[in-house]
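Reading through the C-alpha cells given below for one structure.
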Amino acid sequence: MLTSLGLVLLLGMALGALAKKLGLPPLVGMLIAGMILGPYALNLLSPSLLGISADLRQLALIIILTRAGLSLDVAALKRVGRPAVLMCFVPACFEITGMVLLAPRLLGVPVLDAAIMGAVVGAVSPAVIVPRMIRLSEEGYGVEKGIPQLILAGASVDDVFVIVLFTAFTGLASGTGTGLSPATLLSVPASIVTGVAAGLLLGWLLALFFRKVHMRDSIKVVILLSLAFLLVAAEDALEGLFPFSGLLAVMAAGVGLQRWRGVVAQRLSLKFSKLWVAAEVSLFVLVGAAVDLRYALSAGVLAIVAVLGCLCFRAVGVLVCVAGSGFNWKEKLFCVVAYLPKATVQAAIGGVPLAMGLGCGQIVLTVAVIAILITAPLGALAIDRTYPVLEKSEKKVL
C-alpha cells in the first residue's frame, strides 16, 4: 500500500503539473494518472489501497467541505435568497427528467432504468466545484452578489437530494419496496435540517471550547477533523432510523465555528487548504482508477449524446433558478458552467446497480464513466476560463 500511495501522489502531482502547463485543470492530469495506475491499465495499485479507495475519497471530501464551511459567507448567501434554495434541487430534477426523456429513445432502456441513470449523472461534484468557489471567494470574484456562495451551497445539498432519489429508484427496480413514497421524499428536507442543525450545534460548542482552552491550531484541526469523521459515521449508523446528512453537518460545523469564533475559523481554513494539497491528488487519482475505459469505449455515440443532452436540460434548470436574481447574462452563464462538473458521486454510485444485479447495471456504469470523462475536465476548464466575467470586489472571504 505504501508503494501504491507513493505512486498515486508522485504521478498524480506530476501529471497535474503537466496538465497545468498545457493550460488544463490539474485534475485532468490526476484523473489520467489514476487511469494509468488503475486495475484497467497497468494495475500498479495494491488491492488493499483499492479496497479503501472509497473511504479515502470520502476523507478528501470531508476536508474540502470543512474548509468550505469555514470560509462560507452566510450573509452573502442570505442576500441571494430564493435562487440558493432552488439550486439545491431544480437543476438535478431537470437533468433526471432529461435522461428519462432521452435515454429510452437513444439507448432503448425502460423509463425506470433511465431514471436510475439520471440520478447517477444528476449530482454535481463538490470536489471539483467547492475548491474553485473558495478560490473565487478569496480573490473577491462575484462576492458582492454571492455567486460563489450560491454555487458552493447548492452543490453540497444537491448531492443529498440526488442520492436519496437514486436509492428510491434502485429500490423500485430491485423490488425491495423502498421506492418513492411520502416518507422517502420527506427524508430529503429532514436530512438537510438535521444535518445543518447538528453541525451548527457542534460549531457553537467548538467555539466555546476553543475560547476556554488554548491550544495550537494544528491540534484544533485534528479535533475538528476527528469530529467531522464522527458526523459522517453517524449518517451510516442512523441509516433507516433517522434522516441525517453527515457531509452537510460537516460543512455546517465549519459555518458555526466561523459564526461564533471567526478569528480561529480563518486560521483553520488556511490549515485545511494545506491538507487539501495531498487530499486533492489522492481523490482524483483514485477517481481515475475507478474509471473503466472499456465501458466508455463500448458505449458508442448515443450514450455520449444522452449525457450531453442531459447537460442541456441541467443548464435550463440553472437558468430557471437564477431568473430574477439580478445577475447579468454573463453571471448567469457562469452559474450554468459552474454547475456542470461531475466526478466523485458518479465514481461512488455508478457501479451500485451492477453490483445489485440490476439489468441496467452495465449501461448505468457506462453512462457514469462517460459523465466523468466529459464533464470533470471540461467543467473545471470552463470554470477556470470564465470566472473573470464576474465582478471583482475588494471584499474577500478568507
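The values are calculated or read from the model by the stated rules, or taken from the named source; none is laboratory data. On a predicted model such as this, the values are computed, not experimentally measured, just so you know. Virtual Cβ from ideal backbone geometry, glycine too; neighbours counted across all protein chains shown. Each accessible area value is taken on the protein alone, full model and side chains, heavy atoms only, with ligands, DNA and RNA left out. Shrake-Rupley method; radii C 1.70, N 1.55, O 1.52, S 1.80 Å.
For Met356 and Lys20 in one chain, what is 0.36 nm times their gap in residues minus the Cα-Cα distance, to one decimal in nm?
117.1 nm
Which whole-number value in Å³ per residue fits the convex hull of the alpha carbons of the range 130-245? Mind showing how you got there, number by number?
Working: hull volume 16.8 nm³, N = 116.
So the per-residue hull volume is 145 Å³.
Below 8 Å, C-alpha to C-alpha, sequence gap of six or more: please give me the relative contact order for the range 295-398 in percent.
Values: 87 pairs, mean separation 35.9, N = 104.
Across the range 295-398, relative contact order equals 35 percent.
With N denoting the number of residues in the range 59-142, provide Rg(C-alpha) divided by 2.2 N^0.38 Å, to two decimal places. All intermediate terms of the calculation are to be shown ahead of the outcome.
Working: Rg = 16.7 Å, N = 84, 2.2 N^0.38 = 11.8 Å.
For the range 59-142, the normalised Cα radius of gyration is 1.41.
In deg cm²/dmol, rounded to 500, what helix-only [θ] at 222 nm does the chain give when every DSSP H run of at least 4 residues adds -39500 (n - 2.57) and the total is split over its residues?
The helix contribution divided over the chain gives -25500 deg cm²/dmol.
Which of the three applies to the chain, rounded, prolate or oblate, going by the alpha-carbon gyration tensor with a ≥ b ≥ c and a/c under 1.5 meaning rounded?
Note, shape of the chain comes out rounded.
Which one of Ala14, Ala368, Ala115 has the biggest mean-square fluctuation once the chain is modelled by GNM with Cα springs under 10 Å?
It is Ala14.
Quick one: length gained pulling Leu2 to Arg211 fully straight, 0.36 nm per residue minus the C-alpha distance?
Working: separation 209, 0.36 × 209 = 75.24 nm, distance 3.92 nm.
Extra length available between Leu2 and Arg211 comes to 71.3 nm.
In debye to the nearest 20, how big a dipole does the chain give about its Cα centre with +1 on each Lys and Arg Cβ and -1 on each Asp and Glu Cβ? Mind showing how you got there, number by number?
Numbers: 29 positive and 19 negative charges, 238 e Å.
Dipole of the chain, to the nearest 20 debye: 1140 debye.
For the range 307-398, which whole-number percentage of the solvent-accessible area (1.4 Å probe, protein heavy atoms only) is attributable to carbon and sulfur atoms?
Its accessible area is 66 percent carbon and sulfur atoms.
Assuming R0 = 25 Å, what is the FRET efficiency of Arg135 and Ala75, from their Cβ-Cβ distance, to the nearest 0.05?
It comes out at approximately 0.80.
In terms of Cα to Cα distance under 22 Å, which lysines are near enough to Lys78, apart from those fewer than 8 places away along the same chain?
Excluding near neighbours in sequence, the set is Lys145, Lys330, Lys332, Lys392, Lys395, Lys396.
Among Ser269, Ser226, Ser191, which one shows the biggest mean-square fluctuation in a GNM of the chain, springs joining Cα atoms closer than 10 Å?
Ser226
With θ set to phi - 60° and the Karplus curve 6.51 cos²θ - 1.76 cosθ + 1.60, what are the ³J(HN,Hα) couplings of the range 200-216 in order, to the nearest whole Hz, using x for Gly and Pro?
These are the phi-based 3J(HN,Hα) values: 5, 4, 4, x, 5, 5, 5, 4, 5, 5, 5, 6, 7, 10, 8, 7, 5 Hz.
Report, to one decimal in Å, the Kirkwood hydrodynamic radius for the range 257-398 based on all distinct Cα pairs. Numbers along the way, then the final one.
Working: mean 1/r = 0.0560 Å⁻¹.
Mean inverse Cα-Cα distance, inverted, gives 17.9 Å.
Pull up the cross-link candidates among the lysines for Lys212, meaning alpha carbon to alpha carbon under 26 Å and not fewer than 8 places away within one chain.
Hits, sequence-local ones excluded: Lys220, Lys271.
Between Ala54 and Leu302, 0.36 nm times their residue separation minus their Cα-Cα distance comes to what?
86.3 nm
Calculate, for the chain, the solvent-accessible area per residue in square angstrom, rolling a 1.4 angstrom probe over the heavy atoms of the protein chains. Numbers along the way, then the final one.
Details: 16460 Å² over 398 residues.
Accessible surface, normalised per residue, equals 41 Å².
Taking springs between alpha-carbon atoms closer than 10 angstrom, which of Ser187, Ser282, Ser125 fluctuates most in the Gaussian network model of the chain?
Ser187
Which distance in nm do the two modelled labels at Ser46 and Arg267 give, with both placed 7 Å along the Cα-to-Cβ direction?
For the pair Ser46/Arg267, the computed spacing is 3.7 nm.
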